[in-house]
Amino acid sequence: MTRRYAMAVDTRRCVGCNACVISCKTENDLPSGGFRDWIVQEVHGQFPSLTLQIRSERCNHCAETPCVAACPTGASHVAAGGTVLVNRRKCTGCKACMVACPYGARWVHPDGHVDKCTFCLHRVERGQPPACVETCPTRSLTFGDLADPASPVARLVARRPHLVLQPEAGTRPQVFFLT
Amino acid sequence: MTMSRRQFIKIGAAGAGSAGLASGLGTRWWGLDGDPTPDPRTDGDRVVASYCELCFWGCGVLAHVKEGRVTKITGNPAHPLSRGMLCPRGAGGTGLLYDPDRLKKPLLRRSKRGEDLFEEVSWDAALGKVAEGLEKVKQRHGPEALALFTHGSGGVWFKQFMKAWGSPNIGAPSYAQCRGPREAAFQLTFGTPLGSPEPLDIANARCVTLIGSHLGENMHNTQVQELAEALGKGAQLVVVDPRFSVAAGKARYWLPIKPGTDIALLLAWSHVLLAEGLHDAAYLAAHASGLDELKAHVATATPEWAATITGLDPGLIRDSARLIGASRPASLIHPGRHTVWYGDDTQRERAMAILVALLGNWGRRGGYLKHDRFPLAGYPHAGAPPPPSRARVDRPKGGLYPLANEVLASGLCDASRPGQSLYDLKAWLVYGCNLVQAMPDRPRLLEAIQQLELLVAVDVLPAEICGWADVVLPEATYLERDDDAWNGAWRRPFIAVRQAAVPPMYDSKPGWWIVKELAGKVGLADHFPWTDAREFVKTRLAVKGQSWEALSSTGVLLGPEIPTCEEEGAPLTFETESGKIELYSKELADLDFDPLPVYRPQEEGPPGSFRLLSGRSPLHSFGRTVNNRLLAEPYPENEVWLNADAAAHLAGFEARPLAQGERVVLVNQDGVRSTPVKVKLTQRIRNDCVYMVHGWGQTARGQRYAFGRGASDALLTSRVKIDPIMGGTGMNVNFVRFERAVETA
């Protein structure tokens, strides 16, 4: 069975504290101004009938990858478990992938290459969860192999109502927001 | 290895490549092979266990060190408070360690106090100056004329110094400017204050009620972890807040209460519980006194009565009360933490404590648990210093605030203004707390400071209070120093280690070193017989045969498990005078205070003004982290929240209403003006109040990032309403109006 890495983000648990953001920055030694994940707070309604959804967002590691298709050098590629990565040595910083990505998940690193979430594949290969998952004080983030029906992420996605971002883009995102 | 794009192209063009870059077949046009998994290699060569100091919760951390630099900080899975998880501040500790604005050398003032002009000197010169100043104050005014303000773990050493020196005047703004009313109220009702960390079993609650607490934005790690755990298990949340907080966004019931009317709501909730028989009658019969008086007291406090006061729908009051009641005994009324709001705060907290009792929640699973300290011996030392000859001076003349159960920092400030108290304070040691943002009524604080003969500030960053000091002593950060071990009470007693991950940068020194050196200069060396913090802790552990090696390597030693609730066999005992839960407080009656909480209307602000409320961002600990570049990235400045509909009809702005994100100046009822701050127009707040995160609008130029960023709620808190029971400074009694910020060139 081919692995399919995915993440479930429990919007009912998440308080939007940004621990995922800060731990990602230090784990991945990101420069000032660069983020691989971020918090979105979406408010609807009028006082006092309001709803609030908080999402810890990142690259959706889509199953259909317009970013990879757009990359002229092969820097953007699909790695283990369907993780979408950028090989910084092949990247010219042309930004074609940034235009193709519907989620604004990519940015230009000061070193000249495009940067984005890697699902902390370096950690995953050592049997550790991504840094954001490990630190999350609300245990909102669940990472794992969606192809394994017994995995916590597969069970959550099977059991809980969820949404993905911009399904109409046809990218088949692999980050699921549990609602 | 990091290599810039440009460097790489040069190497590639030379055709040499390098072993790591080009190896064999399958290359594309770059002459590159394969797509290796990118690894930032931040795990480090070694990992040092310690505990966090970004706030005062004390989570266990693991500092990852690579080639002498801390690369990242992760949660220690062995530590009961962090359980392997950290909040953003804990994860962002490197932003403090590598803050370019850190204090680097001891400083001596070289102009008028407050002009923030200093000269770098040696430690010997700086401590010599402190010693000389202290001796002078002692000769003229006695040793008690020295006060210590302290917040943080290194304060332990300075408290030892005060004991040896002979002054009882040790205080922290964390009592009378924060959790004090709660401590007094729970002591009155259950016989025990709560302290920090609070012994709450949020994880096992079926219903959690937050009253003005914005847990989730207020990021006390373990509590937030448990709140999420409870929600995951299907617990319901009731949130009382004029603002649609993050917690409100998850609540079954949000009660957008009119600020200052909480007591009316709490009495109405008690009314519903008692009228509908939702209270725990057996628990109360066995453990509480004053139920009849309470019943009579709330007989007319109907939801309809409270609705007219609170602005809440009576049905909402009744429905939420029923949910709270139906969830008992695991129905947790959270006690809150920053509880100095309106000057009647002990009474509001009493009304909350009474609800806790009605629900049979104290001492039960999903409620207020028993907790205990890890047994740790004192440092074996002969000759304890004699007790001070004068009592502490934090209460003004006449014995006001009779039920304060900790020292009033505001009282110490007042005693520094001559003739205000039984004797005058003449010198301050300020350890790790920026009184300029922590204390209300800034002119009064600065007046007190100008009366001092000596002000010494010990800090990591050039906080505002340092600018007012005569001597500034740069302390090493928590990642660069050993400290005393931490054994705060918890439901599983434990002890945690503080140990340096890297050596101190610049000429900064750990607190223990500063105190030991200073003690030597004032003839008190005998009272500090330990060689350093590590030997101090090792020796304390050795007394009971506890292992330093185990503590040092894992970061934590766990004590034996204790029964924490009735379900685990912990008997319900109460340390009140009656030995019972005191719903009706005879102690308050004897002191001529209301023995049961009474709602009294708060003063309203001038027309066109909004009540100023403040709170916290999960990324920041008051003003302490504002200069932390890492934490500032997602939350770079505070904003003032204003109801969008109120903004559309704001008097004086009819021609051009305020726009989202526009900079405004807030002007309070006394004419105090804020620095320019962004306005956040939102539906998430009532139209009679505004809200801002505390800690911004700092005036210290040395904190180059924080300087002038956002606005200070503390500055606008020029008035307080003092709680007559325990001396807390109620701060939500200030009102602001809006002015458009004038753009200056």
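Assorted remarks:
- Look at (1) free of Cβ contacts under 8 Å to residues at least 40 places away in the same chain; (2) more than 8 Å from chain B (Cβ to nearest Cβ); (3) assigned to a loop (DSSP other than H, G, I, E, B) and you find that residue A:40 fails only one, number (3).
- Subset tally (residues that are closer than 12 Å to residue B:171 by Cα, of a type outside the set (Asp, Glu) and in a loop (DSSP other than H, G, I, E, B)) for the range B:405-420: 2
- Unmet criterion (only one of (1) outside any loop (DSSP other than H, G, I, E, B); (2) in contact (Cβ under 8 Å) with a residue 60 or more places away in the chain; (3) over 19 Å from residue A:30 (Cα atoms)) for residue B:70: (3)
- Number of the exception - residue B:670 against (1) under 30 Å from residue A:51 (Cα atoms); (2) over 23 Å from the mean Cα position of the chain (by Cα); (3) more than 14 Å from chain A (Cβ to nearest Cβ): (1)
- Identity of the residue in the range A:6-29, of a type in the set (Gly, Ala, Ser) and not in a helix (DSSP H, G or I), that ends up farthest from the other protein chains (Cβ to nearest Cβ): A:6
Residues checked against (1) at pLDDT 95 or above; (2) of a type outside the set (S, T, N, Q):
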residue	(1), (2)
B:319	yes, yes
B:327	yes, no
B:349	yes, yes
B:353	yes, yes
B:386	no, yes
B:389	no, no
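- Scanning the range B:673-694 for residues that are over 25 Å from the mean Cα position of the chain (by Cα), within 13 Å of chain A (Cβ to nearest Cβ) and among the aliphatic types (A, V, I, L, M) yields a single hit, B:681.
- Pick from the range B:620-649, criterion assigned to a loop (DSSP other than H, G, I, E, B) and in contact with a strand residue (DSSP E or B) (Cβ under 9 Å, 6 or more places away or on another chain), ranking: surrounded by the most Cβ atoms within 10 Å (Cβ to Cβ): B:626
- Of all residues in the range B:243-269, those being β-branched (Val, Ile, Thr) and at the interface with another protein chain (Cβ under 8 Å from one of its Cβ atoms) number 1.
- The residue that is nearest to the chain's Cα centre (by Cα), counting only those in the range B:227-249 that are among the charged types (D, E, K, R) and surrounded by fewer than 24 Cβ atoms within 10 Å (Cβ to Cβ), is B:229.
- Subset tally (residues that are closer than 26 Å to residue B:260 by Cβ and either without any contact (Cβ under 8 Å) to a residue 60 or more places away in the chain or aliphatic (A, V, I, L, M) (or both)) for the range B:228-244: 5
- Members of the range B:101-123 found to be touching a residue at least 60 places away in the same chain (Cβ under 8 Å) and either within 14 Å of chain A (Cβ to nearest Cβ) or of a type in the set (Lys, Arg) (or both), listed by number: B:102, B:104, B:105, B:109, B:113
- Any hit, the range B:214-237, residues being of a type in the set (A, V, I, L, M), farther than 22 Å from residue B:342 by Cα, away from chain A (no Cβ under 14 Å) and touching a Leu at 6+ places or on another chain (Cβ under 7 Å): no
- Restricting attention to the range B:403-457, the residues that are closer than 30 Å to residue B:587 by Cβ and without any contact (Cβ under 8 Å) to a residue 40 or more places away in the chain add up to 5.
- Counting only helices (runs of 4 or more DSSP H) that sit wholly inside the range A:75-165, those with at least 1 residues that are facing chain B (nearest Cβ under 9 Å) are A:121-124, A:131-135.
- Any pair with Cβ under 7 angstrom, 6 or more apart, that starts in the range B:588-613 at a residue that is more than 19 Å from residue B:293 (Cα to Cα) and ends at one that is surrounded by fewer than 19 Cβ atoms within 10 Å (Cβ to Cβ) and modelled with pLDDT of 95 or more: B:605/B:669; B:606/B:669; B:609/B:669; B:610/B:688; B:611/B:688
- Residue B:697 vs. criteria touching a Lys or Arg at 6+ places or on another chain (Cβ under 6 Å) and either at pLDDT 95 or above or surrounded by 24 or more Cβ atoms within 10 Å (Cβ to Cβ) (or both): no
The values are calculated or read from the model by the stated rules, or taken from the named source; none is laboratory data. All values reported here derive from a predicted model rather than from experimental measurement. In this analysis, Cβ positions are derived from the backbone assuming ideal geometry, glycine residues included, and neighbour counts consider all displayed protein chains.
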